[in-house]
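Below is one structure, written out as structure tokens; the observations come after it.
The values are calculated or read from the model by the stated rules, or taken from the named source; none is laboratory data. Bear in mind that the values here come from a model prediction, so they are computed numbers and not experimental data. Quick reminder, even Gly has a Cβ in these numbers, built from the backbone with ideal geometry, and neighbours come from all protein chains shown. The protein model used for the area step is the full one, side chains on, heavy atoms only, and it has no ligands, DNA or RNA in it. Shrake-Rupley method; radii C 1.70, N 1.55, O 1.52, S 1.80 Å.
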Amino acid sequence: ILNICKNIVIGVSFYKDLSLRSKMFKDLKKAGFKLPVICSPRSHVSLGSKIDEGSQIFHNVTINKNVIIGKNCIINSHALIEHDVLIDQNSQVSTGVIINGGCVIKESSFIGSGSILRENLVIKIDKDGILEFGDQAIEPEILAAKLKKEFTLNKNKIIEIHADKNIEFQLFSNIITL
């Protein structure tokens with residue numbers, strides 16, 4: 001196939017296990033394929049925003065200024081991504097999600113349909129956690145209770161969610177790598 005076509009698109013989502021889609025992406029890259037950004041012409045992406053390879057932007061999505069979307073992400077229909085948001089690689093944002101300004105969605109996170117994230121949150125969901133349909137991440141306590149995980153709120157109001165107190169949680173405070 002590589003001799004006929006250099007570009008390929010991953011047309012499946014494994015939202016219950018995002019590592020499967022990640023493995024497909026890595027295997028296809030290793031084989032020499034290019035995974036282009038797919039963006040619906042019915043969506044709006046502001047100037048100054050960046051969408052990395054293999055990511056897919058579905059119909060009626062709004063991506064505002066200075067948003068960075070990492071490799072191999074899915075942004076589903078009617079999502080609103082406000083200014084200065086970072087969505088790290090291999091993450092999925094479902095239909096009708098609202099992510100307010102300054103949020104950071106860490107690698108391999110799944111944000112379920114209709115979820116609303118207030119401004120300046122950092123979300124990292126471990127392999128057993130999914131922010132589910134209609135969740136509103138307004139307060140750290142609510143988010144942690146929904147995910148049934150322990151959490152800490154540091155001085156910068158960044159939520160750290162983890163299943164085990166011994167897990168280190170790295171913050172994106174001063175570097176962004178894509």
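Output the number of residues of the stretch 1-37 satisfying the condition of being surrounded by 15 or more Cβ atoms within 10 Å (Cβ to Cβ) and more than 19 Å from PHE110 (Cβ to Cβ).
Residues in the stretch 1-37 being surrounded by 15 or more Cβ atoms within 10 Å (Cβ to Cβ) and more than 19 Å from PHE110 (Cβ to Cβ): 6 in total.
Within the set of pairs 6 or more residues apart or between chains, which connect a residue that is over 18 Å from ARG42 (Cβ atoms) and of a type in the set (Lys, Arg) inside the stretch 57-70 to a residue that is in a loop (DSSP other than H, G, I, E, B) and open to solvent by 10 Å² or more (accessible area, probe 1.4 Å) with Cβ atoms less than 6 Å apart?
The qualifying pairs are LYS65/SER46; LYS65/GLY48; LYS65/HIS83.
Go through the residues of the stretch 82-104 one by one and say whether even a single one is open to solvent by 70 Å² or more (accessible area, probe 1.4 Å), at negative phi and at pLDDT 50 or above. Spell out how you get there, then give the answer.
Of all residues in the stretch 82-104, those open to solvent by 70 Å² or more (accessible area, probe 1.4 Å) come to 83-84.
Going one step further and asking which of them are at negative phi, we end up with 83.
Still in the running and at pLDDT 50 or above: 83.
Looking through the stretch 82-104, at least one residue is open to solvent by 70 Å² or more (accessible area, probe 1.4 Å), at negative phi and at pLDDT 50 or above.
Give the residue that is modelled with the lowest pLDDT, with candidates limited to residues of the stretch 105-126 that are of a type in the set (A, V, I, L, M, F, W, C) and open to solvent by less than 10 Å² (accessible area, probe 1.4 Å). Walk me through how you get there before you give the answer.
Step one: of the stretch 105-126, the residues of a type in the set (A, V, I, L, M, F, W, C) are 105, 110-111, 116-117, 121-123, 125.
Restricting the remaining residues to those that are open to solvent by less than 10 Å² (accessible area, probe 1.4 Å) gives 105, 111, 117, 121, 123, 125.
Working: ILE105: 88, ILE111: 87, LEU117: 86, LEU121: 76, ILE123: 74, ILE125: 63.
Per the criteria, the residue is ILE125.
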